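> Got a structure here, written out as structure tokens. Questions coming.
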Amino acid sequence: MAHAPSFAAGLCGLVLGFVLPHAPVRAATPTDAPNVAAGDFDAVTRAVEAGEFEKITSVVVARDGRIVYEHYFDAGGAQARRNTRSVTKTVAGILTGLAIADGKLPNAQAPVLPYLRPAKPREHDDPRKAKITFEDLLTMSSRLECDDENQFSRGNEERMYLIEDWVQFYLDLPIQGFPAWMPKPEDSPHGRSFRYCTAGVTTLGAALQGAVGERLDAYAQRRLFAPLGIEAPQWQYSPLGLAQAGGGLSLRSRDLLALGQLYLDEGRYAGRQLVPADWVRASVATHAQPRDDVEYGYLWWKMHFPVGDAMWDSFAMNGTGGNSVQVFPAQRVVVVVTTENFNARQPHQITGKLLMTKILPALSR
């Protein structure tokens, strides 16, 4: 299960309270980056091992493509495939860009329904459903009533898991209503009404599979994972055998680092343009506004961290439990934090505190 209410929601509260031999990332030795000494991260190791941040399982930090800190706090070590929940939603966004580059999709504005096979009559019970686009799903802003952060929502993720056909579950949802107190999409920032919806990203995966003409997991391996050196990813599947694009894909921590580094390098890897640079730029541009101080791209969160007197801006892959891949373009930094804080109180704030009090200060010295 993906289980990913917004990382940004908890972390923003924290920021305001402060008021302030696998998937190599170029050379991968912990002390080979300039201007960062291994001892700068001793405080990270001591604090995590002391349990100050509950169940952190790994932290990997890279600057300029070189690993400056890598530590595993669980028994799995570097080779463990960790389920970071909705961190891996972002993979569906990367695959959408590859499908467009391969000529399988015309653009992100293409409607989704023609790519969902076999077609089902109920898909067209409201003509507005035919207008749902890939971009709507990438930005969590389709007109269907789906909100994982609202337990009463018809489209809440937990209800989807009770149904055999997860895609049909999404397509059968009613159109969202907008009472007088709720801004309509056209009145919302960027013209989109954001609602966190795992079922929509699950459906995005099915539409991608229909577009590329092969299983989603096979396409991901051929076009993305194998070129990055990512081996043996562990997917979750629906009862009908659909690879779950909505989260729950288990990868090694360095695999997650490689995905973050790929986007930091504007889609380039090992001298090759693996993902088109214009898609990377579009993916991390602002398309929706979940909250006043957080923006959203194509399944990427856009976040802001106070570090001393400066503000570090990131785009991020985030998931339940405080799992996170943070990319800081101005500082040329990628940080991976994996956790098992699924039952902890305010787990996203735990990760945010680790970042703001330990990891980012070590990088800013």
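Throughout, read-outs are computed from the coordinates displayed, never taken from laboratory work. All values derive from a computational prediction rather than experimental measurement. All Cβ positions, glycine included, derive from the backbone under ideal geometry; neighbour counts span all protein chains shown.
> For the range 173-236, place one equal point scatterer on every Cα, skip the solvent, and apply the Debye formula. What is log10 of I(q)/I(0) at q = 0.27 Å⁻¹?
-1.18
> Based on the Kirkwood radius over alpha-carbon pairs, what is the Stokes-Einstein translational diffusion coefficient of the range 91-239 at 20 °C with 1.002 mPa s viscosity, in µm²/s?
Once the numbers are plugged in, D ends up at 133 µm²/s.
> What are the ³J(HN,Hα) values, in whole Hz, obtained from phi via the Karplus relation 6.51 cos²θ - 1.76 cosθ + 1.60 with θ = phi - 60°, for each residue of the range 92-103 in sequence order, with x given for Gly and Pro?
4, x, 5, 5, 4, x, 5, 5, 5, 4, 7, x
> Loop-only GluC sites (Glu not before Pro) in the range 107-205, please: DSSP not H, G, I, E or B, and at most 13 other Cβ atoms within 10 Å.
Those satisfying the criteria are Glu164.
> Taking the Cα centre of the range 273-316 as origin, sum charge times position over the Cβ atoms of Lys and Arg (+1) and Asp and Glu (-1), and report the length of that vector in debye to the nearest 20. Write out the running numbers ahead of the final one.
On the way: 3 positive and 6 negative charges, 36 e Å.
Computed charge dipole of the range 273-316: roughly 180 debye.
> Ok, one more. When the Kirkwood radius is taken over all Cα pairs of the range 263-365, what Stokes-Einstein diffusion coefficient follows at 4 °C and 1.567 mPa s, in µm²/s?
89
> Moving on to the next point. Distance in nm between label sites at Ala130 and Ile163, each 7 Å beyond Cα in the beta-carbon direction?
With each label placed 7 Å out from Cα toward Cβ, I get 2.1 nm.
> How high is the relative contact order of the range 65-159, given as a whole-number percent (alpha carbon pairs under 8 Å, six or more residues apart)?
Numbers: 57 pairs, mean separation 14.1, N = 95.
Value for the range 65-159: 15 percent.
> Remind me, relative contact order of the range 272-349 in percent, using alpha carbon pairs under 8 angstrom and six or more residues apart? List each step's numbers first, then the result.
On the way: 126 pairs, mean separation 13.2, N = 78.
Reported as a whole number, the value is 17 percent.
> Could you derive backbone 3J(HN,Hα) for the range 109-115 from the dihedral phi with the Karplus parameters 6.51, -1.76 and 1.60 (θ = phi - 60°), listing whole Hz in sequence and x where the residue is Gly or Pro?
8, 5, x, 7, 4, x, 9
> Right, something else. Quick one: work out Rg over Rh on the C-alpha atoms of the range 302-361, Rh as Kirkwood radius. Could you put the intermediate results ahead of the total?
On the way: Rg = 11.2 Å, Rh = 11.7 Å.
Checking Rg against Rh, the ratio lands at 0.96.
> Using the Cα centre of the chain as origin and beta-carbon charges of +1 (Lys, Arg) and -1 (Asp, Glu), tell me which of Val336, Gln349, Pro106 is placed farthest towards the positive end of the dipole.
Value computed over the given set: Pro106.
> Given H placed on each backbone N at 1.01 Å, which residues far from Arg66 in sequence or on other chains put an amide H within less than 5 Å of it?
Amide H to amide H, under 5 Å and 5 or more residues apart or across chains, Arg66 pairs with nothing.
> Once fully extended, how much extra length lies between Asp292 and Met311, figured as 0.36 nm per residue of separation less the alpha-carbon to alpha-carbon distance? List each step's numbers first, then the result.
Working: separation 19, 0.36 × 19 = 6.84 nm, distance 1.63 nm.
Roughly 5.2 nm would be gained on extension.
> With the cut-off at 25 Å, tell me which of the pairs Lys131/Lys184; Lys104/Lys184; Lys55/Lys358; Lys89/Lys129; Lys104/Lys302 have Cα atoms farther apart than that. Working shown, then result.
Values: Lys131/Lys184 17 Å; Lys104/Lys184 33 Å; Lys55/Lys358 16 Å; Lys89/Lys129 22 Å; Lys104/Lys302 28 Å.
The pairs that break the limit, which is 25 Å between Cα atoms, are Lys104/Lys184; Lys104/Lys302.
> According to the Cα gyration tensor, what semi-axes, each the square root of 5 times an eigenvalue, does the equivalent ellipsoid of the chain have, listed from largest to smallest in whole Å?
33, 23, 19
> Pairs of alpha-carbon atoms within less than 8 angstrom and 6+ residues apart define the contacts here; what relative contact order does the range 122-224 have, in percent?
29
> Separate question: Compare the peptides 221-234, 331-344 by average per-residue count of other Cβ atoms within 10 angstrom and give them in order, highest first.
331-344, 221-234
> Moving on. How large is the charge dipole for the range 179-299, taken about the Cα centre, if only the Cβ atoms of Lys, Arg (+1) and Asp, Glu (-1) carry charge, to the nearest 20 debye?
Details: 12 positive and 12 negative charges, 56 e Å.
Using only the charged Cβ atoms, the result is roughly 260 debye.
> How many nm is it between the label spots at Ala330 and Phe152, if each spot is 7 Å from the Cα in line with the beta carbon?
So the label points at Ala330 and Phe152 sit 4.1 nm apart.
> If we count every other residue with Cβ under 10 angstrom of Asn323's Cβ, Lys/Arg +1 and Asp/Glu -1, where does the sum land?
+1
> Calculate the dipole size of the chain relative to its Cα centre from +1 charges on Lys and Arg beta carbons and -1 charges on Asp and Glu beta carbons; express the result in debye to the nearest 20.
In debye, rounded to 20, the chain gives about 500.
> Could I ask something else about it? Filter the chymotrypsin sites (Phe, Trp or Tyr not before Pro) in the range 139-193 down to the DSSP loop ones having no more than 10 other Cβ atoms within 10 Å, then list what survives.
On the way: sites: Phe152, Tyr161, Trp166, Phe169, Tyr170, Trp181; in loops: Phe152, Tyr161, Trp181.
The qualifying sites are Phe152, Trp181.
> Work from the charge dipole of the range 241-365 (Cβ charges, +1 for Lys and Arg, -1 for Asp and Glu, about the Cα centre) and give the residue of Leu249, Phe305, Val275 farthest towards its positive end.
Farthest along the dipole direction, towards plus: Leu249.
> Another question, if that's okay. If each residue of separation counts as 0.36 nm, what is the full-extension length gain between Ala218 and Tyr237 once their alpha-carbon separation is subtracted?
Details: separation 19, 0.36 × 19 = 6.84 nm, distance 1.31 nm.
Using 0.36 nm per residue and subtracting the Cα-Cα distance, I get 5.5 nm.
> In addition: First check a/c for the range 182-329, with a ≥ b ≥ c the square roots of the eigenvalues of its C-alpha gyration tensor; if it is under 1.5, answer rounded, and if not, answer prolate when a/b is larger than b/c or oblate otherwise. Intermediate values should be presented prior to the final figure.
Numbers: a/c = 1.73, a/b = 1.21, b/c = 1.42.
Oblate is the answer for the range 182-329, as a/c is 1.5 or above yet b/c matches or exceeds a/b.
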